[in-house]
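A.B. asks: Shown below is the structure under consideration.
Bear in mind these aren't lab numbers, they're just calculated from the coordinates by the rules spelled out. As the structure is a computational prediction, the values presented were derived from the model and not from experiment. For neighbour counting, all protein chains shown are included, and Cβ atoms are generated from backbone atoms with ideal geometry for every residue, glycine included.
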Amino acid sequence: MNIPTSLSGGNRRRNLPDFSGFCTRLAALFLCGLVSVLSACDGGLEPAEKPLISGMITFKGGNSSWPPADSVREVRIVAFRVYPPQDIISEVLNERAYFTQQSLPLFGDTASYTIELPNPAPDHIAAVVAALRYGDNIMADWRVIGLYSTSGDNSTPSPLNLVDQPSNRNINITVDFDNLPPQPF
């Protein structure tokens, strides 16, 4: 029985050194490409910094200035894209308001906070406020107790431009329970 040399492996033995050399060259080319790509990344494989707003809230008068404990359920910091908001629930559901995921510690002198923003961050935040929930109705029992204002006027919030700087630190708020800002809701 005559088996063609192309099927008998005769040609395969002759081409084996060529194939081995091809694999070596391909592996070397792949490694050079990989080194080139990784060196050009300049940290590109590291996770991008998540945009955020953070700062400190100070309670003027300290612990003794707080309202009675039965009228304080939680305190959160909220960043609004539109202020005053027409409908807070709609603002939150449509991602036009961002808030701290947990309540700030209650009845202290100060507390730090961080709000994580979506990536990419919105271009503009109209107001950053401290809001206190005073009753059991999580949808309605809120009042603004402080806001971020570079002028010190607690009736006029200072907007944040996030175009050039998506993360803003030191967005500090002072709460004066004896002189609350005008209530937007």
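A.B. asks: Kirkwood Rh and Cα-based Rg: tell me the resulting Rg over Rh for the stretch 52-175, rounded to two decimals.
C.D. replies: Checking Rg against Rh, the ratio lands at 0.95.
A.B. asks: Further question: What GluC sites (Glu not before Pro) in the stretch 40-137 are in a loop by DSSP, with at most 14 other Cβ atoms within 10 Å of the Cβ? Mind dumping the intermediate values first?
C.D. replies: Numbers: sites: Glu49, Glu74, Glu91, Glu95, Glu116; in loops: Glu49, Glu95.
Passing sites in the stretch 40-137 are Glu49, Glu95.
A.B. asks: Still on this structure, please answer the following. Within the stretch 93-167, report the trypsin sites (Lys or Arg not before Pro) that DSSP leaves as loop and that have at most 11 other Cβ atoms within 10 Å.
C.D. replies: Details: sites: Arg96, Arg133, Arg143; in loops: Arg96.
Loop-located and lightly packed - none at all.
A.B. asks: Then there is this: For Ser65 and Asn137, calculate 0.36 nm times their separation in residues minus their Cα-Cα distance, and state this gained length in nm to one decimal. Could the numbers behind the result be given before it?
C.D. replies: Values: separation 72, 0.36 × 72 = 25.92 nm, distance 2.39 nm.
Gain in length upon complete extension: 23.5 nm.
A.B. asks: Over 10 Å intervals from 0, what percent of Cα-Cα pairs in the stretch 104-185 sits in each interval?
C.D. replies: Result, from short to long distances: 16, 45, 34, 6 percent.
A.B. asks: Which residues does the label zone of Asp176 cover in the stretch 51-65, counting backbone N under 11 Å from a point 7 Å along Cα→Cβ?
C.D. replies: Flagged as within label range: 60-61.
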